Structures are given as structure tokens and as C-alpha cells.
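Notes follow once the structure below has been shown.
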Amino acid sequence: MTGSERQNYMAWPLVVAIAVAAVPAQAYAGPGAGLSMIGSLVALVGALLAGIFGFVWFPMKRMMKKRKAAQAKAAQGGATLTAATPPAPANETQR
């Protein structure tokens, strides 16, 4: 056992003793402070979930759209859609 491992091993009884000996704080969080704290916590959790949703859902949505387009193209026999492409504009030499 190295010196730092021994210090960590010996520190745990001290941490447990301090945690057991701690007395509860005689503090009061009024209704305004409590509601503010709860609102902040809900907003933080909502922002984290929205961020995770954005990073996961939108790439999946793009992947599903590409897969659906590839399946539609394969169902048509690989033919390209010529009816959907607009004709090229006429220039002076084509008149």
C-alpha cells in the first residue's frame, strides 16, 4: 500500500465520524425561497432533458428521413424523380 492509499484508507473513519456527529442545522426556508428553489430545480432538470432530447431525437429524425427516402427510391426501381425537377430557365440563345 502506498502512502496516498494509506491516507485515503485512514481518512474514511474520520469522514464517517464527522457525518455521524453532525447536528441538523436550525435553518428555515420560507415559502418564497422554497418555491424558488423548487422552480430552479425543475427548470434545471427540464433544460437537461431538452438538451438530451435535442442531441438524440433530431439526428435520429434525420436518419429516419434518409432511410424513408432510400426505401421510396428503391420501391420505384431506382428511378429518379424527373417530374419534381423544374425545367431549366430559357436564356437568350434558346429562344
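Quick one: is Ala33 more than 16 Å from the chain's Cα centre (by Cα), modelled with pLDDT under 90, assigned to a helix (DSSP H, G or I) and surrounded by 10 or more Cβ atoms within 10 Å (Cβ to Cβ)?
no
Taking the condition within 15 Å of the chain's Cα centre (by Cα) and either at pLDDT below 90 or surrounded by 10 or more Cβ atoms within 10 Å (Cβ to Cβ) (or both), does Leu49 pass?
Yes: the conditions hold for Leu49.
The values are calculated or read from the model by the stated rules, or taken from the named source; none is laboratory data. Note that this is a predicted model, so its numbers are computed, not measured. Don't worry about glycine lacking a Cβ; one is built from the backbone with ideal geometry, like all the others, and counts go over all protein chains shown.
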